[in-house]
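The next block holds one structure in the form of structure tokens; read it before the comments.
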Amino acid sequence: MNVKDKLLSIGEMSKLTGTGIKALRHYDKIGVLKPAFVDQDTGYRYYRFSQTHIVELIRFAVELDIPLKELTQYVDEQGSLDFRGFVARGSAVVRNKMKTLERALRFFDFFDNKLALQKEYKLEQIYTRKMPQKIFHTVPYGESFDGADKHEIAKLFLDMPYDENYEGNSGWVEYGFMSEHTAKGVSRYIFVEATQSMILDNPIFERKIIPAGKYYCRQNNVNQVEKAAEIFDDYLAGKEGFIAIETEVYFCNNINNPVNELRVIASGGVV
């Protein structure tokens, strides 16, 4: 029996794997998939059926953006593929991409939740929201937020060490202005929300735990945190103190004119 009768032609390999003939020739040229047999008279390439698994691995490598030239390091002088090494490399790339995709999904969910507020509430409409406990990294501000610029908050990000697990690196955790109102007066801060993967021990920041509870909220397209007591006077009457937080909730169609959500919660929680 002719050796070719036991092998697949390049056309059959192409049809069986869905890989173009031109691609199979390229894989041969760079050394990642040598044919099992090459007819010296015609130059035609022939493959073993078992080599379909290698084609599938190569296709995954292409889809994972692993350079094909990199795969040559897993091929020995006899053209044999180091499956274990290649599979380990591919698995590592897949896990990293899965981590990126999971972060991307959280990113889109984060903004989807913000954008949902646009449909549910109108500007300057007071409403309530139940908020979970949060941790803020804060820096004391001045005597007033009037004229304050959120670009100042960028300095907080610059002072934070980079951590690939910290979602705040992308700037999509909450950030903004916060004021604490007590009988002794008002303390003002700029803040960046912390996540459990990035609780900083840094003298620059004061860590504050923001209570869970029902918050009174209102959306505005200008900075209103200094007017929180006036805006929510009906809800804060008789309370000893309160916390006011103002953070961006969405950008609408103009990234230079974001909409802010102003929130207040009285000392001991809003009832």
Yes/no for residue 261 being of a type in the set (D, E, K, R), modelled with pLDDT of 90 or more and crowded, with 18+ Cβ neighbours inside 10 Å: yes
Count - residues of the range 18-49 that are of a type in the set (D, E, K, R), part of a loop (DSSP other than H, G, I, E, B) and closer than 16 Å to residue 74 by Cα: 1
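Give the range 69-94 a look and list any residue that's exposed (fewer than 10 other Cβ atoms within 10 Å of the Cβ) and either more than 21 Å from residue 50 (Cβ to Cβ) or modelled with pLDDT of 80 or more (or both), or say none.
Looking only at the range 69-94, we keep the residues that are exposed (fewer than 10 other Cβ atoms within 10 Å of the Cβ), and these are 76-78, 84.
Residue satisfying the conditions is 84 alone.
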Residues within the range 17-32 that are over 15 Å from residue 62 (Cβ atoms) and touching a helix residue (DSSP H, G or I) at 6+ places or on another chain (Cβ under 6 Å), tallied: 2
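From the list 3, 38, which residue is surrounded by fewer than 12 Cβ atoms within 10 Å (Cβ to Cβ) and of a type in the set (Val, Ile, Thr)?
Values: 38 fails: surrounded by fewer than 12 Cβ atoms within 10 Å (Cβ to Cβ).
None of the other options fit; the residue is 3.
Okay, residues lined up against (1) assigned to a strand (DSSP E or B); (2) modelled with pLDDT under 90; (3) surrounded by fewer than 18 Cβ atoms within 10 Å (Cβ to Cβ):
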| site | (1), (2), (3) |
| --- | --- |
| 222 | no, yes, yes |
| 230 | no, no, yes |
| 234 | no, no, yes |
| 245 | yes, no, no |
| 257 | no, yes, yes |
Residue within the range 106-114 that is in the same structural domain as residue 178 (by TED's automatic domain parsing) and closer than 16 Å to residue 261 by Cα present: no
Residues of the range 1-31 that turn out to be of a type in the set (A, V, I, L, M), touching a Ser or Thr at 6+ places or on another chain (Cβ under 7 Å) and modelled with pLDDT under 90, as a count: 1
Residue pairs meeting the criteria (Cβ under 6 Å; at least 6 apart or on separate chains; first assigned by TED's automatic domain parsing to the domain that holds residue 28, in the range 44-69; second basic (Lys, Arg)): 46/4
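Take the conditions modelled with pLDDT under 90 and more than 28 Å from the chain's Cα centre (by Cα) and apply them to residue 143. Does it pass? I'd like the intermediate steps shown before the answer.
Working: modelled with pLDDT under 90: yes; more than 28 Å from the chain's Cα centre (by Cα): yes.
Yes.
The values are calculated or read from the model by the stated rules, or taken from the named source; none is laboratory data. Since this is a predicted model, take the numbers as computed values, not measurements. Counting neighbours? That spans all protein chains shown, and the Cβs are built from the backbone with ideal geometry, glycine included.
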